[in-house]
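Below: one structure, written as structure tokens.
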Amino acid sequence: MAESTIRCFMGVSFFDSKAVNDRLQYADSNLAGFRLTRPDQWHVTLAFMPQLAPVELPKIVECCTQQLADIPPFVATIGGFGAFPCPRKPSVIWLSTGPELKFQQLYEAIEPFVPTEKNEVFRPHLTVARAARNHHRTVQYSNIAELCQEELPPVEVPVDEVTLFQSVLTSEGSRYSVLHRWKLTAAPGNS
């Protein structure tokens, strides 16, 4: 009998962030035809593991505990909007996050120890909206393109932990539960 798997990801949580909420209120009129992500889903994904065997969890936790112990907390920035695959035909709307080097450092610390598909380039971002069904009828593509080109001043948000989440798909969308948290406690300059 095949062992069951769970859907997980490691990320930096921005749950209920005022900075993210302020950005969404600013862009609200431009996001017609998109479903906003819930505030309890705002995060930057470091690694996605769509089919993780639960027996792998202790090893991942142990290895990541060692790797993340050398990384200090930092101040992230929430920037302007972007879109995948592109602003002229978006299916996902996101906010830029930085400093990219700090998120890259987190990604590189955990990447060797988590079973993910290694063919994607890591690009830190925070998904804030997804195209709704039949969105082509209501989306003003020119508004999205203009929004993505607008330079918004970065807003600072402290980052002091990385979280391993289980993600369960439901008819109302994904539901996240925390499997493990790593506090970033190294002194600045250790990384």
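The values are calculated or read from the model by the stated rules, or taken from the named source; none is laboratory data. Computed from a predicted structure; not experimentally measured. Glycine gets a Cβ as well: all are built from the backbone with ideal geometry, and neighbour counts include every protein chain shown.
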Residue check, residue 68 buried (at least 16 other Cβ atoms within 10 Å of the Cβ) and not β-branched (Val, Ile, Thr): yes
Those residues of the range 156-179 which are without any contact (Cβ under 8 Å) to a residue 40 or more places away in the chain, part of a strand (DSSP E or B) and out of contact with any Ser or Thr (no Cβ under 9 Å at 6 or more places or on another chain), in sequence order: 170
Selection status of residue 152, modelled with pLDDT of 90 or more, within 26 Å of residue 93 (Cβ to Cβ), not in a loop (DSSP other than H, G, I, E, B) and not β-branched (Val, Ile, Thr): no
Qualifying positions in the range 28-42 - within 17 Å of residue 125 (Cα to Cα) and either among the hydrophobic types (A, V, I, L, M, F, W, C) or crowded, with 19+ Cβ neighbours inside 10 Å (or both): 36, 37, 41, 42
Residue ID - farthest from the chain's Cα centre (by Cα), chosen from residues in the range 5-25 that are in a helix (DSSP H, G or I) and touching a residue at least 60 places away in the same chain (Cβ under 8 Å): 22
Odd one out for residue 77 among (1) among the β-branched types (Val, Ile, Thr); (2) more than 16 Å from residue 14 (Cα to Cα); (3) not in a helix (DSSP H, G or I): (2)
Single residue of the range 31-74 satisfying the filter (assigned to a helix (DSSP H, G or I) and within 26 Å of residue 156 (Cβ to Cβ)) that is modelled with the lowest pLDDT: 31
Residue check, residue 45 exposed (fewer than 15 other Cβ atoms within 10 Å of the Cβ) and β-branched (Val, Ile, Thr): no
Unmet criterion (only one of (1) of a type in the set (Val, Ile, Thr); (2) under 16 Å from residue 184 (Cα atoms); (3) modelled with pLDDT under 90) for residue 114: (2)
Flag if residue 86 is outside any strand (DSSP E or B) and buried (at least 19 other Cβ atoms within 10 Å of the Cβ): no
Matching entry among 65, 45, 77 (being among the polar types (S, T, N, Q) and either at positive phi or under 13 Å from the mean Cα position of the chain (by Cα) (or both)): 45
When residues of the range 163-191 are limited to those that are among the hydrophobic types (A, V, I, L, M, F, W, C) and either touching a helix residue (DSSP H, G or I) at 6+ places or on another chain (Cβ under 6 Å) or over 23 Å from residue 71 (Cβ atoms) (or both), the one surrounded by the fewest Cβ atoms within 10 Å (Cβ to Cβ): 169
Members of the range 53-86 that are farther than 18 Å from residue 37 by Cβ and touching a helix residue (DSSP H, G or I) at 6+ places or on another chain (Cβ under 7 Å): 60, 63, 64, 67, 68, 71, 74
